[in-house]
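The values are calculated or read from the model by the stated rules, or taken from the named source; none is laboratory data. Bear in mind that the values here come from a model prediction, so they are computed numbers and not experimental data. Quick reminder, even Gly has a Cβ in these numbers, built from the backbone with ideal geometry, and neighbours come from all protein chains shown. Note: areas computed on protein heavy atoms with side chains; ligands, DNA, RNA excluded. Shrake-Rupley method; radii C 1.70, N 1.55, O 1.52, S 1.80 Å.
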Amino acid sequence: MKWNGWGYNDSKFIFNKKGQAEFTGKRYRLSGMVLPVLKEWMEKTLGASLEHKITSRAFLNTSDVPPSIVNEEFLQDLRATKISYSQEAEDRVFRAHGHCLHEIFVLREGMFKRIPDIVVWPGCHDDVVKIVELACKHNLCIIPFGGGTSVSSALECPADERRTIVSLDTSQMNRILWVDEKNLTAHIEAGIVGQDLERQLGESGYCTGHEPDSMEFSSLGGWVATRASGMKKNSYGNIEDLVVHIKMVTPRGVIEKSCQVPRMSTGPDIHHFIMGSEGTLGVVTEVTIKIRPIPEYKKYGSVVFPNFERGVACLREIAKQRCAPASVRLVDNAQFQFGHALKPQVASIFTSFLDGLKKFYITKFKGFDPNELCVATLLFEGDREKVLQHEKQVYDIAAKFRYDFQGILFLIWSDLGLDYYVIGESFETSVPWDRVIDLCRNVKERIVRECKEKGVQFAPLSTCRVTQTYDAGACVYFYFAFNYRGISDPVHVYEQIERAAREEILANGGSLSHHHGVGKLRKQWMKESISDVGLGMLKSVKEYVDPNNIFGNRNLL
């Protein structure tokens, strides 16, 4: 894993000696391929230049790392439990952060003021119970760590925390404890990573269907703790729809229901205090989750629309008719152009001819403006016959809004931009259908306006896509980036602009978050989002379950 960026060390975008972009490694479909258009796109869209490059630190300088401050009595008791632990600088720094822009920027340019003092690796639920009991005995601070994919500052250590901070890494709790084929459920340790969970279930012919963009690295416990959503939620549901039973260790003891049943009418659901609690109440250790047989058939497709408004109208109609495919994502024109920039070098004259024919057909024959058109990508899965029927139904709806070819692939850009003075990040919201268009337009315009007012010299990238859809609305993902050459404190400027964008989202009827969570990054808006009384309810639960603030990451509240 990269110590100061997203993903694996062997998988990254680079510019070769010819000035062409390449994606290294062997893990992905783009690996080893040349991307001849990406350089031009970065220059044209963001003002980036190969002549202006920043070289980040290649290695962690351990002398920069704050020293470990550990309660010796706690350490002595911990050794007696035989639970693995570390005070090494590399282990502590790796678990001191998620993947917010400012966190990665700190790693590339400096060091955090406060990081965990010790990392512990419990091997099972009982180990977690022992660690929490010791933390209560010695008055320590615990911050649970799953996959480390947070983008809400949830893993950052409070700078003024004077107690020993323990990073409780759940990665060794990664087993499927049992699979119940009659009831189609599986009981799983919370530290398992999404791709490993699906692979292991797949060996028995099952899946969860929960596939967030981060599933390669994020953990089951993290999904629960952040109320996660996956790209195929239309077929499988969000995490709250999949969970049957949760076991969580708190300073007051273990929280869990008395039986593993599909539904209980026993007052407010305690699962909903756990889901979205973001490590403030305890550690999720085991989860029973719904599973399904692996779908027999999968089919990908795409739909091209003349503009974003027509695309949103089509998705709204699909939602109204309750026929959404497993996954449907609508990207605006800026993301369409970016997807084109990620296109690999053409392998043959015939392929080049076909690509040109598609472009001619859409822009000339269909009359679509290449600077306005947008694309929805689709995934159908299930029984073959039903998939084909479902596909026809969706395409019949889409035909009313004008569409064409299939097979367009969009990938998420890595941290290449940071090497060339470009910083950016994503943020998301959910919004009612009747406000989708206005919210998207107003937020993008606000970003452009704020950049100009803050002295950003180059035009920013301000783009969005509609991802998960519901009866009453949709999730909208924004991507925002700018070239910060000439700005002395780019992270501060970025955060000011992002805050303004979040204010615009709320003013336009959007939610504080759809699935990224609150963490420390957005908690200033919690009272506005759930009311003063609602916030007081959460505080009351925190005070009862964790009166001494053992789980003191200070998220949400």
Can you name the condition, by its number, that residue 480 falls short on among (1) open to solvent by 10 Å² or more (accessible area, probe 1.4 Å); (2) at pLDDT below 95?
-> (1)
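On the given criteria, is residue 91 among the charged types (D, E, K, R) and over 16 Å from residue 549 (Cα atoms)?
On the way: among the charged types (D, E, K, R): yes; over 16 Å from residue 549 (Cα atoms): yes.
Against the criterion (among the charged types (D, E, K, R) and over 16 Å from residue 549 (Cα atoms)), residue 91 qualifies.
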Could you list all residues from the range 421-439 that are part of a helix (DSSP H, G or I) and in contact with a helix residue (DSSP H, G or I) (Cβ under 7 Å, 6 or more places away or on another chain)?
-> 433, 436, 437, 439
Output the residues belonging to the range 381-410 that are at pLDDT below 80 and in contact with a Gly (Cβ under 8 Å, 6 or more places away or on another chain).
-> 401, 406, 407, 408, 409, 410
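From the list 445, 453, 428, which residue is closer than 16 Å to residue 330 by Cβ and out of contact with any Asp or Glu (no Cβ under 8 Å at 6 or more places or on another chain)? Explain how you work it out, then say what you get.
Details: 445 fails: closer than 16 Å to residue 330 by Cβ; 453 fails: closer than 16 Å to residue 330 by Cβ.
Going through 445, 453, 428 in turn, the sole match is 428.
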Within the range 152-170, tally of residues that are open to solvent by less than 40 Å² (accessible area, probe 1.4 Å), within 19 Å of residue 249 (Cβ to Cβ) and touching a strand residue (DSSP E or B) at 6+ places or on another chain (Cβ under 8 Å) | 8
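Just checking, which of 221, 148 is surrounded by 19 or more Cβ atoms within 10 Å (Cβ to Cβ), in a helix (DSSP H, G or I), touching a residue at least 40 places away in the same chain (Cβ under 8 Å) and not hydroxyl-bearing (Ser, Thr, Tyr)?
Numbers: 148 fails: in a helix (DSSP H, G or I).
Answer to the selection: 221.
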Hey, among the residues in the range 171-192 that are touching a residue at least 12 places away in the same chain (Cβ under 8 Å), open to solvent by 30 Å² or more (accessible area, probe 1.4 Å) and part of a strand (DSSP E or B), which one's nearest to residue 261 (Cα to Cα)?
-> 179
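Taking into account only those residues within the range 73-89 that are in a loop (DSSP other than H, G, I, E, B) and open to solvent by 40 Å² or more (accessible area, probe 1.4 Å), which is nearest to residue 174 (Cα to Cα)?
Quick first cut of the range 73-89, residues in a loop (DSSP other than H, G, I, E, B) only: 82-83, 87-88.
Then drop every residue that is not open to solvent by 40 Å² or more (accessible area, probe 1.4 Å), which leaves 82, 87-88.
Details: 82: 19, 87: 23, 88: 23 Å.
Applying the filter and picking the extreme gives 82.
Taking residue 228, is it buried (at least 21 other Cβ atoms within 10 Å of the Cβ), touching a residue at least 60 places away in the same chain (Cβ under 8 Å), in contact with a helix residue (DSSP H, G or I) (Cβ under 9 Å, 6 or more places away or on another chain) and under 25 Å from residue 28 (Cβ atoms)? Give the steps one after another, and end with the answer.
Working: buried (at least 21 other Cβ atoms within 10 Å of the Cβ): yes; touching a residue at least 60 places away in the same chain (Cβ under 8 Å): yes; in contact with a helix residue (DSSP H, G or I) (Cβ under 9 Å, 6 or more places away or on another chain): yes; under 25 Å from residue 28 (Cβ atoms): yes.
The answer is yes for residue 228.
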If we scan the range 90-107, do we find a residue that is surrounded by fewer than 22 Cβ atoms within 10 Å (Cβ to Cβ) and over 22 Å from the mean Cα position of the chain (by Cα)?
-> yes
Is one or more of the residues making up the range 511-519 over 30 Å from residue 136 (Cβ atoms), small (Gly, Ala, Ser) and part of a loop (DSSP other than H, G, I, E, B)?
-> yes
For the subset of the range 509-536 comprising residues that are within 20 Å of residue 161 (Cα to Cα) and without any contact (Cβ under 8 Å) to a residue 60 or more places away in the chain, which member is most open to solvent (accessible area, probe 1.4 Å)?
-> 524
How about the range 240-279: which of its residues are closer than 21 Å to residue 556 by Cβ and in contact with a Lys or Arg (Cβ under 6 Å, 6 or more places away or on another chain)?
-> 275, 276
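Touching a strand residue (DSSP E or B) at 6+ places or on another chain (Cβ under 6 Å), of a type outside the set (S, T, N, Q) and outside any helix (DSSP H, G or I): which single residue out of 276, 301, 311 fits that description? Talk me through it step by step, then tell me what you get.
Working: 276 fails: touching a strand residue (DSSP E or B) at 6+ places or on another chain (Cβ under 6 Å); 311 fails: outside any helix (DSSP H, G or I).
After applying the criteria, what remains is 301.
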Residues located in the range 366-380, provided they are at pLDDT below 90 and either touching a Cys at 6+ places or on another chain (Cβ under 7 Å) or open to solvent by 50 Å² or more (accessible area, probe 1.4 Å) (or both) = 366, 367, 369, 370, 371
Is there a residue in the range 245-259 that is among the hydrophobic types (A, V, I, L, M, F, W, C), surrounded by fewer than 19 Cβ atoms within 10 Å (Cβ to Cβ) and assigned to a loop (DSSP other than H, G, I, E, B)?
-> yes
From 141, 207, which residue is more than 29 Å from residue 325 (Cβ to Cβ) and touching a residue at least 24 places away in the same chain (Cβ under 8 Å)?
-> 141
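Would you call residue 26 exposed (fewer than 14 other Cβ atoms within 10 Å of the Cβ), free of Cβ contacts under 8 Å to residues at least 40 places away in the same chain and of a type in the set (D, E, K, R)?
Working: exposed (fewer than 14 other Cβ atoms within 10 Å of the Cβ): yes; free of Cβ contacts under 8 Å to residues at least 40 places away in the same chain: yes; of a type in the set (D, E, K, R): yes.
For residue 26, the condition - exposed (fewer than 14 other Cβ atoms within 10 Å of the Cβ), free of Cβ contacts under 8 Å to residues at least 40 places away in the same chain and of a type in the set (D, E, K, R) - is met.
Out of curiosity, is residue 539 of a type in the set (Lys, Arg), more than 22 Å from residue 476 (Cα to Cα) and either open to solvent by 30 Å² or more (accessible area, probe 1.4 Å) or at pLDDT below 95 (or both)? Write out each step before concluding.
On the way: of a type in the set (Lys, Arg): yes; more than 22 Å from residue 476 (Cα to Cα): yes; either open to solvent by 30 Å² or more (accessible area, probe 1.4 Å) or at pLDDT below 95 (or both): yes.
It is true that residue 539 is of a type in the set (Lys, Arg), more than 22 Å from residue 476 (Cα to Cα) and either open to solvent by 30 Å² or more (accessible area, probe 1.4 Å) or at pLDDT below 95 (or both).
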Counting only residues that are touching a Phe, Trp or Tyr at 6+ places or on another chain (Cβ under 9 Å) and either in a strand (DSSP E or B) or open to solvent by 30 Å² or more (accessible area, probe 1.4 Å) (or both), how many does the range 108-124 have?
-> 4
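Name the one entry in 485, 502 that is of a type in the set (D, E, K, R) and in a loop (DSSP other than H, G, I, E, B). I'd like the intermediate steps shown before the answer.
Numbers: 502 fails: in a loop (DSSP other than H, G, I, E, B).
Going through 485, 502 in turn, the sole match is 485.
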